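Working notes, beginning with the structure itself.
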Amino acid sequence: MHVFSAINGNYRLVEAARHAAKPVVISPLIQPDWTTFTGLRERSLDRLVGKLTGWHIQTTYREIEFCLQSSDFVVALGEIEKKSIMDAFHIAPEKIRVIQNGIPQRFFEASPGLFTEKYKLAPGSVLCVAAINSHKNQLTLVQALKDEPCKIVLIGQCLETDQGYLDKILEFPNVIYLGSLDYQDPLLASAYAAAGVFCLPSQSEVMPLSVLEALASGTPAIMTKHHCMNVGSMHQVLAEIEPNNHEQIRLLVNRVLANPVSSDQCRNAVLHLNWDNVAQDLSDIYRALIR
């Protein structure tokens, strides 16, 4: 069994697999704010909660730790996540494999025409594809660009609880919200290709597929500096920002739009992340466990 995410009750899946004597792989999606200090703090709080409740309540730390300790292999999306897993949860490095997310081939083949024709938008907008909420931080993006001539295109689901947040965003006249697009919809890949720059100013991320998909579609990207990606080879096509710094966001967006890099340069930066390569790395783990 391969379990994705170590929260939201997924420890029960790991528990069931172990009871059935099945090998388990977990991709825990550990955020970069898990450190030696936060691990120590959360272990202390977990013991306190356990004693106060007669061990009837488990903390999120305990659930994540159970998933990691009980799995045969842990798949981290990058070296930063691997370090967080080791430091905060004391998982041995030999149990962890670093395998990045894969990108479907349709993004490498994307072109802007389908999107620009349907929505009658000129190429070169600022695009953000993400769920609409304060963690993804779209409001800061539109506030930073409120006096700029560029259009800001937002794509993503907005839950009813976040409708008020979306309403604040839509008060800005240069914002176009298109709702959510099905992941298989060709319009999504075309939207990436039509953008002048992709910007994801989240408070934190592990390894956001949307950033990789934008690059695969030939569009440079800007993203939060709080993430677990390995970006050393992407510095010419990917910039990092402090998510709440309006001025930094504005300057970087304008700089990228004024000095565009080539589509081929963007695609080449993530060419190694095609699904054939990633699937081979995952299947190697599965075969080792089956043997």
Before we move on, is Ile285 free of Cβ contacts under 8 Å to residues at least 60 places away in the same chain and of a type outside the set (D, E, K, R)?
no
Flag for Gln163 being at pLDDT 95 or above and under 23 Å from Asn254 (Cα atoms):
no
Whichever residue in the stretch 1-15 is touching a residue at least 40 places away in the same chain (Cβ under 8 Å) and not aliphatic (A, V, I, L, M) and, among such residues, is surrounded by the most Cβ atoms within 10 Å (Cβ to Cβ):
Tyr11
Which condition from (1) outside any helix (DSSP H, G or I); (2) over 18 Å from the mean Cα position of the chain (by Cα) is the one that Lys118 breaks?
(1)
Taking interchain pairs and intrachain pairs at least six residues apart, which have beta carbon atoms under 6 angstrom, with the first residue in the stretch 230-243 and at negative phi and open to solvent by 30 Å² or more (accessible area, probe 1.4 Å) and the second assigned to a loop (DSSP other than H, G, I, E, B) and small (Gly, Ala, Ser)?
Asn230/Gly78
Report yes if some residue within the stretch 131-153 is open to solvent by 70 Å² or more (accessible area, probe 1.4 Å) and part of a helix (DSSP H, G or I); otherwise report no.
no
Hey, any hits in the stretch 88-106 for a residue that's in a helix (DSSP H, G or I), of a type in the set (S, T, N, Q) and either in contact (Cβ under 8 Å) with a residue 40 or more places away in the chain or out of contact with any Leu (no Cβ under 9 Å at 6 or more places or on another chain) (or both)?
yes
Selected residue (only one of Ala269, Ala288, Ala221 is over 27 Å from Ser111 (Cα atoms) and either in contact with a strand residue (DSSP E or B) (Cβ under 9 Å, 6 or more places away or on another chain) or open to solvent by less than 30 Å² (accessible area, probe 1.4 Å) (or both))
Ala288
Is at least one residue of the stretch 18-39 in a loop (DSSP other than H, G, I, E, B), without any contact (Cβ under 8 Å) to a residue 40 or more places away in the chain and in contact with an Asp or Glu (Cβ under 8 Å, 6 or more places away or on another chain)?
no
How many residues does the stretch 16-28 hold that are touching a Cys at 6+ places or on another chain (Cβ under 9 Å) and either open to solvent by 10 Å² or more (accessible area, probe 1.4 Å) or under 23 Å from Met229 (Cβ atoms) (or both)?
2
Every residue in the stretch 73-95 that is surrounded by fewer than 16 Cβ atoms within 10 Å (Cβ to Cβ) and in contact with a strand residue (DSSP E or B) (Cβ under 8 Å, 6 or more places away or on another chain), please.
Glu79, Lys95
Kindly evaluate Ala193 against the criterion of being open to solvent by 10 Å² or more (accessible area, probe 1.4 Å), part of a helix (DSSP H, G or I) and modelled with pLDDT under 95.
no
For the stretch 202-216, pairs from a residue that is closer than 10 Å to Asn101 by Cβ and open to solvent by less than 10 Å² (accessible area, probe 1.4 Å) to a residue that is assigned to a helix (DSSP H, G or I) and modelled with pLDDT of 95 or more, with Cβ under 7 Å and 6 or more apart or across chains, are Glu213/Phe107; Glu213/Tyr192
Answer yes or no as to whether Ser180 is small (Gly, Ala, Ser) and either touching a Ser or Thr at 6+ places or on another chain (Cβ under 8 Å) or open to solvent by less than 10 Å² (accessible area, probe 1.4 Å) (or both).
no
Qualifying residues in the stretch 29-60 (those that are within 21 Å of the chain's Cα centre (by Cα) and surrounded by 13 or more Cβ atoms within 10 Å (Cβ to Cβ)) - the one farthest from Leu77 (Cα to Cα):
Thr60
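The values are calculated or read from the model by the stated rules, or taken from the named source; none is laboratory data. It should be emphasised that the depicted structure is a prediction, and the values quoted were computed from it without experimental measurement. In this analysis, Cβ positions are derived from the backbone assuming ideal geometry, glycine residues included, and neighbour counts consider all displayed protein chains. Just the protein is used for accessible areas: all its heavy atoms, side chains included, with ligands, DNA and RNA removed. Shrake-Rupley method; radii C 1.70, N 1.55, O 1.52, S 1.80 Å.
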